[in-house]
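The values are calculated or read from the model by the stated rules, or taken from the named source; none is laboratory data. Because the structure is predicted, anything quoted here is derived from the model rather than measured. Cβ placement follows ideal geometry from the backbone for every residue including glycine, while neighbour counts extend to all protein chains displayed. Protein only, heavy atoms only, side chains kept; ligands, DNA and RNA dropped before computing areas. Shrake-Rupley method; radii C 1.70, N 1.55, O 1.52, S 1.80 Å.
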Amino acid sequence: MTKPARLELLGGLSPQAFMRQHWQKKPLLIRQAVPNMQPLVSRQALFDLAQQHDVESRLVCGNGVTEAWQLQHGPFKRRQLPSLSRSCWTLLVQGVDLQVDAVAALRDRFRFLPDARLDDVMVSYATNGGGVGPHVDSYDVFLLQAKGQRRWRIGPQKQVRFKEGEPLKILAEFKPTHTWVLEPGDMLYLPPHYAHEGVAVGECMTYSMGFKAETMHGLAGALMARLADQEPFGQDYRYADPQALPAKRPANIPANLQDFARQSLMQVLQKKDAVDVALGEWLTEPKPQVWFEGRAGARLPRAVRLDRRTQMLYDARHVYINGESWRCQGDDARWLKTLADQRCLTPVQLAQTSAALRLQLQAWWQAGWLQALVVNRDNRVSV
């Protein structure tokens, strides 16, 4: 993305200024962040995605005032969706960036933020009055208006309490401080836990670029589960108590067993590489709905790009791709990091890789994790 386009996306702010002034601090309304915005996926194409079993979708009906809230989970056949003439309903489709190249390209315009933070791009379609009620999100989000208008009300939320008996997490108290109507191309950034409510003004479509903000508890639980699966201790580490005496209080947990449990955790956590690898593999693990089409026996093309569904990250010692890890160094590491950062390798770059690395790229190509990068006659590359 060129510098003018980057400044335009952030309302004239540089990425550095945006991160310093707004990121995880306060909202930002950007008029015409994407000038001349047109929907990147049509209404019918979105409805078609909602029919797929490998795409997560939800249908929200009602407004909590004249109609009670209702929530259904997809997939949905077209006849299961309400009539377009009916008001107050919303279709939410997750991970559209994993299904549509144009939406993946939009997602990549936000790569001034670490890939490790990205969740996905959700597309919502709503008829007049449609929305999901006042709520808070546990992540950073950019809300880009793609079609029609949506009225946003936002405000800081000191206490988060939800209405009881609702299928959605609707705030029990919501006191907005700002109200804006967004037109196509307008975008609103909100940090985590900033209360907001969006209501469609006529038919509208909104793209939500979500960036994960993991809790310490959630991240620790995910990593410990992965470490427990991957870290073999062997028989020497099995708990044993050959000197134990007959139990006088059988329900009492033995102190030796508690010590063994603490030592087991410390044994894993003291291995820095093990924690780093678990984090990298967890961050790049494809979501349950994601799958790749393999191509057995196919030869590696002269230039490659990452498939839009492929997640690739790296740290000082390792490269991670789609939940797997490789320890690498030297030129191989340099080219793999280039592939992760650029999401492609040109013919010149690929020709400079080692035979061993090309064999690994060949395996990823056959697994469907890579796609061919088209090279034009003027030596420019395109998807």
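Could you give each residue of region 340-356 its phi-based ³J(HN,Hα) in whole Hz, using Karplus coefficients 6.51, -1.76, 1.60 with θ = phi - 60°, and x for Gly or Pro?
5, 6, 8, 6, 6, 10, 6, x, 5, 5, 5, 5, 8, 6, 6, 4, 5
List the residues whose amide H sits under 5 Å from the amide H of Phe162, counting only those 5 or more places along or on another chain, with H placed 1.01 Å from N in the peptide plane.
Ala172
If you plug each phi of region 212-224 into the Karplus form 6.51 cos²θ - 1.76 cosθ + 1.60 with θ = phi - 60°, what whole-Hz ³J(HN,Hα) values come out, in order, with x for Gly and Pro?
Karplus-based 3J(HN,Hα) across region 212-224 equals 4, 10, 5, 7, 4, 5, x, 5, 4, x, 5, 5, 5 Hz.
Which trypsin sites (Lys or Arg not before Pro) in region 282-348 sit in a loop by DSSP (not H, G, I, E or B) and have at most 13 other Cβ atoms within 10 Å of their own Cβ? The partial results should precede the final answer.
Values: sites: Arg295, Arg299, Arg302, Arg305, Arg308, Arg309, Arg317, Arg327, Arg334, Lys337, Arg343; in loops: Arg295, Arg299, Arg302, Arg308, Arg309, Arg317, Arg343.
Sites meeting the loop and neighbour criteria: Arg295, Arg299.
How many nm is it between the label spots at Leu245 and His178, if each spot is 7 Å from the Cα in line with the beta carbon?
6.9 nm
Take peptides 130-139, 251-260 and line them up by average Cβ neighbours within 10 Å, highest first, as a rough protection proxy. Could the numbers behind the result be given before it?
On the way: 130-139: 19.6, 251-260: 10.2.
Put in order of decreasing packing, that is 130-139, 251-260.
Taking 0.36 nm per residue of sequence separation and subtracting the Cα-Cα distance, how much length would be gained by fully extending the chain between Asp276 and Ala296, in nm to one decimal? The partial results should precede the final answer.
Numbers: separation 20, 0.36 × 20 = 7.20 nm, distance 3.19 nm.
Length gained between Asp276 and Ala296: 4.0 nm.
With r defined as the distance between the Cβ atoms of Glu203 and Phe260 and R0 fixed at 45 Å, what FRET efficiency is calculated, to the nearest 0.05? Let's see the in-between values first.
Working: r = 62 Å, r/R0 = 1.37.
The calculated FRET efficiency here is 0.15.
If I compute solvent accessible area with a 1.4 Å probe over the protein chains, what percent of it on the chain is carbon and sulfur? Let's see the in-between values first.
Details: 10720 of 20740 Å².
That fraction is 52 percent.
Along the Cα→Cβ direction, 7 angstrom out, place labels at Arg317 and Arg78. What is the inter-label distance in nm?
5.5 nm
When the chain is fully extended, how far beyond the present Cα-Cα distance does Thr66 get from Ser138, taking 0.36 nm per residue of separation?
Numbers: separation 72, 0.36 × 72 = 25.92 nm, distance 2.84 nm.
Between Thr66 and Ser138, full extension yields 23.1 nm more.
Using a/c under 1.5 as the rounded threshold, could you call region 201-310 rounded, prolate or oblate? The axes a ≥ b ≥ c are square roots of the C-alpha gyration tensor eigenvalues, and prolate needs a/b larger than b/c, oblate otherwise.
On the way: a/c = 3.44, a/b = 1.95, b/c = 1.77.
Prolate, because a/c is 1.5 or more and a/b exceeds b/c.
Please work out whether region 246-383 counts as rounded, prolate or oblate from its C-alpha gyration tensor, where a ≥ b ≥ c are the square roots of the eigenvalues and a/c under 1.5 means rounded, while otherwise a/b larger than b/c means prolate and anything else oblate?
Prolate.
Please identify the GluC sites (Glu not before Pro) of region 273-359 that satisfy two criteria: DSSP loop assignment and at most 10 other Cβ atoms within 10 Å. Which are they?
Numbers: sites: Glu281, Glu293, Glu324; in loops: Glu293.
In loop regions of region 273-359 (DSSP not H, G, I, E or B), the sparsely surrounded GluC sites (Glu not before Pro) are Glu293.
Strictly over 22 Å apart at the Cα level, which of Lys26/Lys163; Lys25/Lys272; Lys77/Lys163; Lys25/Lys175 would you flag in this model? Before the final figure, lay out each step's value.
Values: Lys26/Lys163 26 Å; Lys25/Lys272 31 Å; Lys77/Lys163 31 Å; Lys25/Lys175 19 Å.
Result: Lys26/Lys163; Lys25/Lys272; Lys77/Lys163 exceed 22 Å.
Among the listed pairs Lys212/Lys337; Lys212/Lys271; Lys169/Lys212, give every one whose C-alpha distance is greater than 24 Å. Kindly include the intermediate steps, with their values, before the conclusion.
Working: Lys212/Lys337 22 Å; Lys212/Lys271 26 Å; Lys169/Lys212 18 Å.
From the list (Lys212/Lys337; Lys212/Lys271; Lys169/Lys212), the Cα-Cα distance tops 24 Å for Lys212/Lys271.
Hey, rough spin-label estimate for Asp229 and His217, points 7 angstrom out along Cα→Cβ, what's it come to in nanometres?
Going from the Asp229 label point to the His217 one covers 2.3 nm.
Determine the gain in length on full extension of the stretch Lys287-Gln52; use 0.36 nm per residue of separation and subtract their C-alpha separation, reporting nm with one decimal.
Values: separation 235, 0.36 × 235 = 84.60 nm, distance 1.49 nm.
This chain segment gains 83.1 nm when fully extended.
Counting other Cβ atoms within 10 Å, which chymotrypsin sites (Phe, Trp or Tyr not before Pro) in region 286-332 have at most 12 and lie in a DSSP loop?
Numbers: sites: Trp291, Phe292, Tyr314, Tyr320, Trp326; in loops: Trp291, Phe292.
Filter output for region 286-332: Trp291.
Given a 1.4 angstrom probe, what's the average accessible area per residue across region 213-359, in square angstrom?
On the way: 9660 Å² over 147 residues.
Result: 66 Å² of accessible area for each residue.
Does region 169-255 come out rounded, prolate or oblate by the C-alpha gyration tensor, with a ≥ b ≥ c the root eigenvalues, rounded set by a/c under 1.5 and, if not, prolate when a/b is larger than b/c and oblate if not? Write out the running numbers ahead of the final one.
Numbers: a/c = 5.55, a/b = 2.86, b/c = 1.94.
Prolate is the answer for region 169-255, as a/c is 1.5 or above and a/b outweighs b/c.
Using θ = phi - 60° and the Karplus relation 6.51 cos²θ - 1.76 cosθ + 1.60, list the HN-Hα couplings for region 138-154 in order, rounded to whole Hz, with x at every Gly or Pro.
Result, ordered by residue: 8, 9, 6, 9, 10, 10, 9, 7, 9, 8, x, 10, 9, 8, 9, 10, 9 Hz.
Residues with amide H under 5 Å of Gln149's amide H, sequence separation 5 or more or different chain, H placed in the peptide plane at 1.01 Å from N; which?
Residues meeting the criterion, in which the H sits 1.01 Å from N, are Val201.
Near the amide H of Tyr194, under 5 Å away, which other amide H atoms are found, from residues 5 or more places off or on another chain, if H is placed in the peptide plane?
Those lying under 5 Å, H to H, from Tyr194 are Asp137.
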